[in-house]
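Asks: Next up is a structure, given as structure tokens.
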Amino acid sequence: MSAEKDSFARFLKHFSKGTVLFNEGDEGEEMYIIRSGKVAIKKRVPHGEVTVAMFEKGDFFGEIAMLERIARTATAEMAEPGDLIVIDSETLSDMIKSNPEIAVRMLRKYSLRLRETTKRIEELATRADVDDPGSASGVSTVQPSEPKAPAPQQSEASGYFISKASGNVFPVFKNDALIGRYDSVTGMTPDVDLTQEDAARNISRRHARIVTKDGQHFVAEEIGTMNGTFLNGQKLPTGVLTPIHDGDDLTLCRLALSFRVANPKT
């Protein structure tokens, strides 16, 4: 992991709280990836400035102006002191050519942002459309949305993987758990973290996923995985949920694991 972090050391810069990285309307030739700290994204409005987003570890920004060769669409200011990876378009292109998985991770981030934006638009549209038919004045009123029940937390593992090389055990606590290794760019740690088992970094950061439905376990290779995923010696197709049973062997590139169900049915 330290070696991977060092590969970004020459692009890493420290910024103090309050530092303005760029202003809305500036020309942009660089993008930023947050390693630590927080960055406020602000937009100019008639009465001043408003913060429209707060980015933190693992987020990236500034790529629109850099890739589209247009002026900055917002202002970025350090909300907390932190370290940022600062790269230009040529460096990003070289990184993607040497490691296409970077592009896949960026697409995932864009997908998440799009879902969040769509959700906000839907919430605003719902509030705008809510009228109080019993109001004599005919003034629209906004009805508070009902609070959502928190997702149930799973306190016990439903299964676990055992490394055939080291004997280390990796429990599966979530019904949808990511398998891979630590991502030093985004700061993401997978649910089943195999970083220490993969010193050669052969497996992908987001290599596979194990899903539990109605007591049955399934495994699927993630999009962008480079070196293959094998269940009992058979290569898994990308993105297809395949049943995995107690005692099955799962191999991520060369990393061999044995899967065990926590409470197998007799």
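Asks: Can you give the extra length, in nm with one decimal, that the chain gains between ASP83 and THR117 once fully stretched, where that is 0.36 nm per residue apart less the Cα-Cα distance?
Replies: 9.6 nm
Asks: Something else about it: Distance check, please: which entries in LYS17/LYS119; LYS57/LYS164; LYS17/LYS42; LYS17/LYS57; LYS42/LYS97 exceed 25 angstrom between their Cα atoms?
Replies: LYS17/LYS119; LYS57/LYS164; LYS42/LYS97
Asks: While we're on this one: Counting only protein chains, not ligands or nucleic acids, how are ASP88, ASP248 ordered by accessible area (probe 1.4 Å), most first?
Replies: Heavy-atom accessible area, descending, gives ASP88, ASP248.
Asks: Can you pull the one-decimal nm distance between simple spin-label points at GLU27 and VAL169, each 7 Å off the Cα toward Cβ?
Replies: 6.1
Asks: Per residue, how large is the accessible surface of region 32-101? Use a 1.4 angstrom probe and give square angstrom.
Replies: Result: 50 Å² of accessible area for each residue.
Asks: OK, next. Taking the Cβ-Cβ separation of MET226 and GLN196 as r and a Förster radius of 22 Å, what is the calculated FRET efficiency to the nearest 0.05?
Replies: Efficiency computed from Cβ-Cβ geometry: 0.65.
Asks: Exactly which GluC sites (Glu not before Pro) in region 7-95 are in a DSSP loop and have at most 14 other Cβ atoms within 10 Å?
Replies: Sites meeting the loop and neighbour criteria: GLU29, GLU56.
Asks: Can you check how the C-alpha radius of gyration of region 15-67 compares to 2.2 N^0.38 Å, as a plain ratio?
Replies: Here the Cα radius of gyration is 1.15 times the empirical estimate.
Asks: Each label point is 7 Å from the Cα along the Cα-to-Cβ direction; what then is the distance between the points at ALA9 and PHE218, in nm?
Replies: Result: 4.5 nm between the two label points.
Asks: Return one whole number: the accessible area per residue of region 154-266 in Å², for a 1.4 Å probe.
Replies: Per residue, region 154-266 has an accessible area of 49 Å².
Asks: May I pose another question? Grab the other residues whose beta carbon is less than 11 angstrom from that of VAL104, score K and R as +1, D and E as -1, and report the net.
Replies: +3
The values are calculated or read from the model by the stated rules, or taken from the named source; none is laboratory data. Remember, predicted model here, so these are calculated numbers, not experimental data. Here Cβ is always computed from backbone atoms with ideal geometry, including for glycine, and neighbour counts include all displayed protein chains. SASA here: full protein model, heavy atoms, side chains in, ligands and nucleic acids out. Shrake-Rupley method; radii C 1.70, N 1.55, O 1.52, S 1.80 Å.
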